[in-house]
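Derivation of every value follows stated rules applied to the coordinates shown; laboratory data play no part. It should be emphasised that the depicted structure is a prediction, and the values quoted were computed from it without experimental measurement. Cβ atoms come from the backbone with ideal geometry, glycine included; neighbour counts cover every protein chain shown.
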Amino acid sequence: MQKSKQPRKPKGGYQISEFAVSLFFLISCVVLPLINLSVIPVRYGLGNSMVSTWVQQRAQSETLGTALQDKAQANLLESLNKIGGIRVKASQLALIVESAKLQGQTKVITKPGNIDKDWLPDGPIGPYVYRLEAQIECEISPLVVLPVPNVKVPGLTSPFAVNYHNSAVWENTGRDPATGEFFVNE
């Protein structure tokens with residue numbers, strides 16, 4: 001047997017340049033979108049937990065006026081923004097009064113002192129269930145926004161729209177001893 005007169009190729013090094021292109025496509029088309037898709041549920045869970053806790057705390061307020069304060073809502077919105085990647089578009093906090101006797105009859109209260117006498121705890125069609133309800137419209141951004149022109153894929157190339165909807169039972173249905181008014185209507 002004769003040895004070949006062609007020069008021998010080195011055994012390593014050339015495959016790396018060929019593998020780099022496939023590695024780039026693997027990272028940009030598989031790994032990065034999966035990381036983006038895994039960050040959104042984590043941010044959603046953190047935001048939902050914060051909103052739920054906040055509504056519970058507001059439902060334990062002494063009066064409806066203190067629960068509906070704009071300062072309290074501003075603190076929640078600031079906390080959601082501090083998570084990173086959550087942008088609040090709109091928020092609403094309201095008291096829902098529902099008659100336990102007459103199913104389906106509800107009243108929405110957005111300002112303290114606006115509950116009719118018939119809907120107070122000692123009203124004629126009572127008993128009532130008082131719920132504090134928060135609706136918050138947000139956008140959750142992915143970890144890395146992929147710059148694809150003219151393509152809007154929520155969670156990859158654009159923010160993901162989310163609505164948080166949480167409620168808690170209003171706990172203080174007693175009267176203010178100084179004024180005689182119900183705390184739920186002050």
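Side notes on the structure shown:
- Over the stretch 19-185, Cα pairs under 8 Å with separation of 6+ residues give a relative contact order of 26 percent.
- Spin-label pair ILE16-GLN105: with each label point 7 Å from Cα along the Cα-Cβ axis, the two points sit 8.0 nm from one another.
- Given their separation in residues at 0.36 nm each and the Cα-Cα distance between them, ALA74 and LEU143 gain 22.4 nm when the chain is fully extended.
- C-alpha long axis of helix 14-26 to longest principal axis of the chain, angle in °: 20 degrees
- Estimated from helices alone, the mean residue ellipticity of the chain at 222 nm is -10500 deg cm²/dmol (sum of -39500 (n - 2.57) over DSSP H runs with n ≥ 4, per residue).
- Per-residue 3J(HN,Hα) values for the stretch 141-146, derived from phi via the Karplus relation 6.51 cos²θ - 1.76 cosθ + 1.60 with θ = phi - 60°, read 8, x, 4, 10, 7, 7 Hz in sequence order (x marks Gly and Pro).
- The charge dipole of the stretch 14-145, taken about its Cα centre with unit charges on the Cβ of Lys, Arg, Asp and Glu (plus for the first two, minus for the last two), comes to roughly 100 debye.
- Dividing the convex hull volume of the alpha carbon atoms of the chain by its residue count gives 190 Å³ per residue.
- Projecting the Cα atoms of ASN185, ALA67, GLY155 onto the charge dipole of the stretch 19-185, computed from C-beta unit charges around the Cα centre, puts GLY155 farthest toward the positive end.
- For GLU186, the amide hydrogen comes within under 5 Å of the amide hydrogens of LEU64, GLY65, GLY113, counting only partners 5 or more places away or on other chains and with H modelled in the peptide plane.
- Pairs of Lys residues in the chain are counted when their Cα atoms are under 23 angstrom apart and they lie 8 or more places apart or on different chains; the count is 8.
- Shown is the FRET efficiency for GLN60 and GLU133, computed with R0 = 22 Å from the Cβ-Cβ distance and rounded to the nearest 0.05: 0.90.
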